[in-house]
Each structure stands twice: as structure tokens, then as C-alpha cells.
Amino acid sequence: MEIIRDIQSMRAWREAARPEHVGLVPTMGALHEGHLSLIRIARERAPKVVVSIYVNPTQFAAHEDLDHYPRTFEEDRRRCEELGVDAIFCPDDAMMYPPGCLTWVHVSQLDSALEGQSRPTHFRGVATIVTKLFAIVQPDCAVFGWKDAQQFLLLRRMVNDLNLPVEMIGAEIVREPDGLAMSSRNVYLSEDERREAPALQRALLLAEQIVKDQPGILATALKRRMEQSILSESRFRIDYIAIVNLETLQPLAHVEPGATLIALAAWMGQTRLIDNIRV
Ligand code: AMP
């Protein structure tokens, strides 16, 4: 497995790999089973797999956790090696954002919904870095997790709109045995907080069941039931619960079976967690 730190070497590696197809798994490191599932999917889809590990500063707002974001490179490298990854691309900030960069990729509408409400510059950073990674690695396919559903939907839209020749693959959410969605940020939780954290998934499963029992239920009523469930079981402070169309991310009055995303974000102490379900 090669460790590639600069753009020129990454391009040279990609050229040497032709005509083989390359699958890319973009990550910010601190790899867990969720990331590993993406890597396994990429391996099934492409003979060569590149994992990028880069904590992208432009998707963090000034008050967010960029400086504290977990960095576990040696462990990440070992896990990639075990899974048969062909190359890790791990550039630094000077390589990715040299002085003078003026260009942003902005996906309108989709970037201001849900997460965009409390993180207004987040998706501009995500769309820009993923475009750059696609331009450097030139993958045939790329795997993203449904854990970050809005991110996947927005990037899929971007690839479509910009005619980028990359097949976008979504991977289902990998969870801890008690249902908490795996996240690099779970390490921030104290023992007590960690114990309460599965309340988020329980509310999503409750919503799924309610929709089965009462398909015509009003979104507002459904949200209220989810809120009650979370607040009665935990100390989460809810940022949002959203019931939206799976393509447009626009709010729905009623669940549209097969085309609805129920997404939420909530604070547990200093940690902000997100989760979602498609119904
Ligand atoms: P991150 O390192 O947080 O930027 O995540 C890199 C990729 O892994 C993104 O496509 C995430 O959606 C995906 N991912 C993170 N956690 C999970 C999970 N629990 N299940 C599936 N995919 C995940």
C-alpha cells in the first residue's frame, strides 16, 4: 500500500493504474467500522482502491472542532492495509489550499436545508474538497455513507450537474450494537452521555413504525412524537428533526412512502450528533 502525500505523485499513481478502474473513499480519518464498510464496498466495485484521509478545514466553522478532531493516522494506515487498500492519499493544508485559492463549489438549495441551517458554510467546503479530490484522484466510482445523508445527496446532485464521470455509491449506516450510528465524534461522549446516545436511533425507529401504522400522519405530529421520545429518554438538546423529500430536501407535510428522509441533529453536552432514516 502506498502513502501518497502530494498531488503530483497521486496523479502519477493514477496514470500508472490505468486502464484499471479506481474507487475512492474520501474520509477525515479516525477510521471506524463505518468507514471500513465503505472501503469494502469500494473493493467490490473497483480493482484499485484509494482512501483519502484529510481533515478538510473549509468544512469546519470557526467555532467547530477542527483543532480537536481525532487524528489516528498509524491506526488508520494499519486498517487500510488489512483491507487491501492500494493507496492512501493524505495531503496537507498547504497542498490542498495554497495561498490564492478563489474558487468554491456551491450546490444551491441543498446546502441550506437541514445541516445547512446551523452550518451555513459546511457544504461549500465539502463540495469543494470532494471536487478537488475527484480532479486529483480521477476515480471511476466513489463511496459515501448514508450516515451523512444530506452530504451524499448533495454530492450526487453536484456530480450530475457538473457531468463528472464518477459513479456515486451510497453505503448504509453502520451502528454500534446498541444502535448508535458510528461516528468519529462518538469518542467525545462521556460514559453517561454514551449510554443515552442510542435515544436518537430509537426515535427514528419509532417514527418508522408510526409511519407504517398511520401512513397519513402529519409530519408535525410525527416530529412531536420523536421529540417526546428523545427528551423522555435522554438529555439531548434537539437541534432539528426534519421530514423532507429525499431528492430536494424540502419539508413535507406528510410522509411520502419510499421518498422521505427523516433526519435529525442533537447536542449531547458539547457533542453534536446526527442520524437519519429513509422511509
Ligand atoms: P468522515 O470521516 O466523517 O468525513 O466520513 C467519511 C465517510 O464515511 C462519509 O461518506 C461518511 O458518511 C461515512 N461514514 C461515517 N460514519 C459512517 C457510518 N456509521 N456508517 C456508514 N458510513 C459512515
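The values are calculated or read from the model by the stated rules, or taken from the named source; none is laboratory data. Owing to the predicted nature of the structure, the values given are computational and were not obtained by experimental measurement. As a convention, Cβ positions derive from the backbone with ideal geometry for all residues, glycine included, and neighbour counts pool all protein chains shown. What goes into the accessible areas is simple: the full protein's heavy atoms, side chains included, and nothing from ligands, DNA or RNA. Shrake-Rupley method; radii C 1.70, N 1.55, O 1.52, S 1.80 Å.
Per residue, what accessible area does region 185-278 have, given a 1.4 Å probe and all protein chains present, in Å²?
For region 185-278, the per-residue accessible area is 49 Å².
Tell me the net charge near residue 146. Cut-off is 9 Å between Cβ atoms, residue 146 excluded, with +1 for each Lys or Arg and -1 for each Asp or Glu. After counting each charged neighbour, the total is 0.
Report the gain in length on full extension from residue 237 to residue 61: 0.36 nm times residue separation, minus Cα-Cα distance, nm rounded to one decimal. Could the numbers behind the result be given before it?
Working: separation 176, 0.36 × 176 = 63.36 nm, distance 2.01 nm.
Difference between extended and current length: 61.3 nm.
Annotation: lysines with alpha-carbon distance below 17 angstrom to residue 212 (same-chain offsets under eight excluded): 223. Within the same chain, lysines fewer than 8 places from residue 48 are excluded, and of the rest, those with a Cα less than 20 Å from its Cα are 132. Hey, for a label at residue 9 modelled as a point 7 Å past Cα toward Cβ, could you say which residues of region 80-119 have their backbone N under 18 Å away? What the label zone holds, given the 18 Å backbone N cut-off, is 80-81, 85-97. Couplings 3J(HN,Hα) of region 198-206, computed from phi: x, 4, 5, 5, 4, 5, 5, 5, 4 Hz, in residue order, whole Hz [Karplus 6.51 cos²θ - 1.76 cosθ + 1.60, θ = phi - 60°; x for Gly and Pro].
Determine the equivalent ellipsoid of the chain by diagonalising the alpha-carbon gyration tensor, then write out the semi-axes as square roots of 5 times the eigenvalues, largest first, rounded to whole Å.
Values: eigenvalues 215, 83, 67 Å².
The answer is 33, 20, 18 Å, longest axis first.
How big is the shadow of the Cα convex hull of region 131-279, averaged over all directions, in nm²? Write out the running numbers ahead of the final one.
On the way: hull surface 38.9 nm².
Mean orientational projected area (region 131-279, Cα hull): 9.7 nm².
Of the accessible area of the chain, computed with a 1.4 Å probe over protein heavy atoms only, carbon and sulfur atoms account for 51 percent.
The HN-Hα couplings worked out from phi for region 43-55 by the Karplus form 6.51 cos²θ - 1.76 cosθ + 1.60 (θ = phi - 60°) are 5, 6, 8, 9, x, 10, 10, 10, 10, 9, 10, 7, 7 Hz, whole numbers, x standing for Gly and Pro.
Of the residues 14, 225, 43, the one that moves most in a GNM of the chain with alpha-carbon contacts below 10 Å is 225. The modelled label-to-label distance for the pair residue 214/residue 1, using points 7 Å beyond Cα in the direction of Cβ, is 4.9 nm.
For Cα pairs less than 8 Å apart in space and 6+ apart in sequence, what is the mean separation divided by the residue count of the chain, i.e. the relative contact order in percent? Before the final figure, lay out the partial values.
Values: 472 pairs, mean separation 48.2, N = 279.
Relative CO of the chain lands at 17 percent.
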